[in-house]
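To start, the structure itself, in structure tokens.
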Ligand code: GUN
Ligand code: FE
């Protein structure tokens, strides 16, 4: 590829590499990266590297390359329910909308149909890596894993564990059955991709409300007994209704960090979704244990109850890793561009309104009742007086997210030795007819990126690569998934 590359150097900074020549091996590894190369020098440089007869993609003004997006939190079976139940509180939304929908995945044929649409839809939007919650069904979970692998999407795939407090039509019969099915899914995923290059298993206790203590303990044991590579994902401090219910089911704990860590579920491979109502103590504990946060601003502001804006600035300041999640379908949108925008909006809202939320939760008695040095009474008072920047949300959508889901060594940025997961972004009028991004001739790369994030959409993503393979756009060959 020859053209402008933009990626994150750190959680707070961007790097623009203009006129860069990037060479990629047939297995998708970046072999060389040289910025500031004039087109006329390309043949000589390629000849020096002994590279012949390879296709060269040349980008012009208005086009640039960014790393593929990483969706750190996505519910695969909720693809069909996106948009439903706006404004509902979390437990009512699960009972009323989500569980009846997810129960349909008992039928593997239904799973095949929906998961093909999902994976095609996510790749088309530039999500090259996703961390998926499947339903509680083993067979449907295996279908999801095979679908991702066939389509060439990187993914963590987890069968939901849930053996209580769920309707009879959507609840596992016992902790033992749940563990057995989980083991079968892990075997299936590792059988397809033993090295975990594209797909990997992830333990997925849905949340403590839907798991018995015995099940949580067995999952923690599984993580510990594995070779250390097994990821864990769960919902964590999502909303007041959920926190209250959790702490009343586990009265021996005064906060979720102590609860989940007591079962061995908070490790360097943990991906904790939401993290909206956090105490200082809990943030410290996540930092100490090396857990990552999946920030899901769209869902936090629309489903769950209470317009929650997570303390993301504080996470970043304290060195807690943060990625972005669509939480599709708790989030109505499955677009990471939308998630970046909402991360900005949520940070403005938190900064301006947080003291007001705090008062309302206290006065309204919605807040969890437990207190103590490490209890909810110690919740942070303010948003910290700072808002997120474009650089920060872009990093969370790419490099930061890759680290949170455990793929940080391989993807999330452009460097020799990393694998080529990338999006060709095209803002030129001829692509979308000039109806979205207002590209101007003199726009520098940073400005083009800002315009794309704030006004662009998937129409501006014209080609998507995972590990060097085109998985969407011209030249795509998708192993029967039919993405083109
Ligand atoms: N908590 C437990 N399950 C879910 C879910 O499916 N979505 C969200 N947003 N929160 C949850
Ligand atoms: Fe979720």
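Quick note: the coordinates plus some simple rules give every number you see, no bench work behind them. Remember, predicted model here, so these are calculated numbers, not experimental data. Methodologically, a virtual Cβ is constructed for each residue, glycine included, from the backbone with ideal geometry; neighbour enumeration extends over all protein chains shown.
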Likely footprinting exposure, 387, 44, 234, 147, fewest C-beta neighbours within 10 Å first: 44, 387, 147, 234
Along the three principal axes, how long is the range 1-150 when you take its alpha carbons, biggest first, rounded to the nearest angstrom? 63, 32, 24
For the pair residue 10/residue 227, report the inter-label distance in nm, with labels modelled 7 Å from Cα in the Cβ direction. 3.4 nm
Cα-based shape type of the range 150-286, given that a ≥ b ≥ c are square roots of the gyration tensor eigenvalues and the cut on a/c is 1.5: prolate
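Divide the volume of the convex hull of the Cα atoms of the range 80-228 by its number of residues and quote the answer in cubic angstrom per residue.
Values: hull volume 16.8 nm³, N = 149.
Roughly 113 Å³ of hull volume per residue.
Per DSSP helix of 4 or more residues, -39500 (n - 2.57); summed, then divided by the residues of the chain. What does that give at 222 nm, rounded to the nearest 500?
-10500 deg cm²/dmol
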Per the Cα gyration tensor, the chain corresponds to an equivalent ellipsoid with semi-axes, largest first in Å, of 37, 26, 20
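Quick check on the chain: of the DSSP beta bridges with both residues there, what percent are antiparallel, nearest 5%? Present the calculation step by step, with values, prior to reporting the outcome.
Details: 26 of 59 bridges.
Around 45 percent antiparallel, to the nearest 5.
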Once the Cα atoms of helix 175-192 and of the chain are each reduced to a long axis, what angle between those two axes, in degrees from 0 to 90 to the nearest 10, is obtained? 10 degrees
Report, to the nearest 10°, how far helix 240-249 tilts away from the longest principal axis of the Cα atoms in the chain, using its own Cα long axis and a range of 0 to 90°. 50 degrees
Which of rounded, prolate or oblate describes the range 1-66 when judged by the alpha-carbon gyration tensor and an a/c cut-off of 1.5? prolate
For the pair residue 307 and residue 440, the simple spin-label estimate (label points 7 Å beyond Cα toward Cβ) gives in nm 3.4 nm
For the range 1-63 and the range 214-281, distance of Cα centres in Å: 43 Å
Cα shape, the range 171-246, gyration tensor, a/c 1.5 rule: prolate
Ranked list, fewest to most other Cβ atoms within 10 Å of each Cβ, for 392, 474: 474, 392
What percent of all Cα-Cα pairs in the range 220-300 falls in each 10 Å bin, counting up from 0? 18, 52, 27, 3
Helix 280-289 axis, angle to the chain major axis (alpha carbon atoms, nearest 10°): 60 degrees
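If you take the beta carbon distance between residue 176 and residue 474 as r and set R0 to 45 Å, what does 1/(1 + (r/R0)^6) give as a FRET efficiency, to the nearest 0.05?
On the way: r = 50 Å, r/R0 = 1.11.
It comes out at approximately 0.35.
Can you give the extra length, in nm with one decimal, that the chain gains between residue 252 and residue 287 once fully stretched, where that is 0.36 nm per residue apart less the Cα-Cα distance? Walk me through the numbers before you get to the answer.
Values: separation 35, 0.36 × 35 = 12.60 nm, distance 2.29 nm.
Full extension of this stretch gives 10.3 nm more.
Give me 159, 150 sorted ascending by neighbouring Cβ count inside 10 Å, so fewest comes first. Show your work: numbers first, answer last.
On the way: 159 31, 150 15.
Going from least to most buried by this count: 150, 159.
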